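Below: the structure, in structure tokens.
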Amino acid sequence: MRWKGGRQSDNIDDRRGQSPASMGAAGLAPAALRFLPMLLKTKVGRVVLIGGIVLLVGGRMLGIDVLSLVAGGGAVAPSTAPAELSEADKEAGKFVSVVLASTEDAWHGIFQRAGRQYVEPTLVLFNNRVSSACGTASSAVGPFYCPGDQKLYIDLSFFRDLAQRHGAPGDFAQAYVVAHEVGHHVQTLLGISEQVHAAKRGRGEEEANALSVKQELQADCFAGLWGHLANQERQWLEPGDLDEALAAATAIGDDRLQRDAGRQVVPDSFTHGTSAQRVKWFRTGFEGGNFDACDTFAARSL
């Protein structure tokens with residue numbers, strides 16, 4: 001991919017290398033609540049509790065954060081700025097930032113032509129574990145999108161696993177992953193995600209899984225649509241780049257993942273689609289460049 005020199009997105013939240021926050025004032029209050037019943041049982045405890053409340057309120061009136069003084073001794077809270085990153089880590093961060101910026105340009109155009117406004121998502125880069133509006137997740141879950149905060153979450157070590165464990169190296173393979181998660185953001189903005197969620201209510205696991213597959217394959221098609229528009233606008237792709245994305249789509253098909261894990265392939269348990277389906281729908285978006293062609297929910301066959 002000829003991505004270097006491209007515009008970088010302003011919507012990157014880089015949490016890589018952040019040191020864990022200390023308990024501090026935020027953590028002190030919940031801890032103190034555990035002792036509240038014990039304090040209320042004794043006269044001395046009640047006096048201490050009332051005194052603490054008076055001190056806290058009085059401090060606030062004087063502009064003093066008493067909890068911070070108690071928790072940190074008046075010291076400044078430890079910095080959560082990212083630790084120094086390696087050159088390779090910095091380069092990886094630039095890459096996903098340029099890819100995200102390209103998705104912003106593509107989807108702004110698509111939404112504008114449809115008379116709508118595109119709201120850009122934030123991409124969170126993290127190591128090991130991360131907290132989101134959807135809960136706390138480890139790197140093991142892979143890249144994900146949280147509709148609750150409209151953010152994408154990626155531990156970039158996933159790209160190494162994609163290359164080494166799944167045999168799908170290459171920058172366009174990595175760009176496909178980012179564009180797929182952006183596709184879920186598009187589904188949220190258009191109300192598709194909520195419709196799928198509502199349609200799952202009261203249905204059995206097999207039917208719910210089938211809806212998930214259609215949603216994931218549509219996100220694959222949206223990723224392909226982005227690839228088509230990005231290449232049309234910037235001539236990003238080099239020989240072999242498309243094969244990289246198709247290899248990635250193949251590597252993360254449900255049937256392939258179950259087989260590689262030594263498990264029996266059970267189609268009713270699929271939630272993302274087979275390798276062949278994922279390749280088909282990425283190609284549909286990439287080769288046609290047509291948003292309407294990505295309606296997996298209306299397709300007669302996947």
Scan the strands (runs of 3 or more DSSP E) fully inside the range 129-179 and keep the ones with 2 or more residues being modelled with pLDDT of 95 or more and in contact with a Leu (Cβ under 8 Å, 6 or more places away or on another chain).
144-146, 151-154
Spot the failing condition for Ala299; the list is (1) outside the structural domain of Arg165 (by TED's automatic domain parsing); (2) at positive phi, and only one is missed.
(2)
Verdict on Val124 being assigned to a strand (DSSP E or B) and under 14 Å from the mean Cα position of the chain (by Cα)
yes
Going through the range 123-149 in order, the residues found to be free of Cβ contacts under 8 Å to residues at least 60 places away in the same chain, crowded, with 17+ Cβ neighbours inside 10 Å and under 21 Å from Ser97 (Cβ atoms) are Ser132, Ser139, Pro143, Tyr145, Cys146
Exactly one condition in (1) aliphatic (A, V, I, L, M); (2) more than 17 Å from Gly224 (Cα to Cα); (3) surrounded by 15 or more Cβ atoms within 10 Å (Cβ to Cβ) is false for Val279; which is it?
(2)
Looking only at the range 205-255, and only at residues there that are assigned to a loop (DSSP other than H, G, I, E, B) and among the aliphatic types (A, V, I, L, M), the one that is surrounded by the fewest Cβ atoms within 10 Å (Cβ to Cβ):
Leu237
Cβ-Cβ distance below 8 Å, separation of 6 or more or different chains: which pairs start in the range 195-214 with a residue that is over 18 Å from Asp295 (Cα atoms) and end on one that is loosely packed, with under 12 Cβ neighbours inside 10 Å?
Glu205/Asp268; Glu206/Asp268
Condition first: of a type in the set (Val, Ile, Thr), assigned by TED's automatic domain parsing to the domain that holds Cys146 and not in a helix (DSSP H, G or I). Can you find one or more residues in the range 181-204 that meet it?
no
Answer yes or no: is there a residue in the range 104-113 that is within 19 Å of Ala179 (Cα to Cα), under 17 Å from the mean Cα position of the chain (by Cα), in contact (Cβ under 8 Å) with a residue 24 or more places away in the chain and not in a strand (DSSP E or B).
yes
Spot the failing condition for Arg234; the list is (1) closer than 19 Å to Pro143 by Cα; (2) modelled with pLDDT under 95, and only one is missed.
(1)
Looking at the range 286-300, can you tell me whether even one residue there is assigned to a loop (DSSP other than H, G, I, E, B), out of contact with any Cys (no Cβ under 8 Å at 6 or more places or on another chain), under 22 Å from Gln117 (Cα atoms) and of a type in the set (D, E, K, R)?
yes
Only one of these conditions is not met by Glu238: (1) under 20 Å from the mean Cα position of the chain (by Cα); (2) more than 26 Å from Gly148 (Cα to Cα). Which number is it?
(1)
Any chance you could count how many residues in the range 258-275 are part of a helix (DSSP H, G or I) and in contact with a Ser or Thr (Cβ under 9 Å, 6 or more places away or on another chain)?
3
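The values are calculated or read from the model by the stated rules, or taken from the named source; none is laboratory data. Being a predicted model, the structure only gives us computed values, none of them experimental. In this analysis, Cβ positions are derived from the backbone assuming ideal geometry, glycine residues included, and neighbour counts consider all displayed protein chains.
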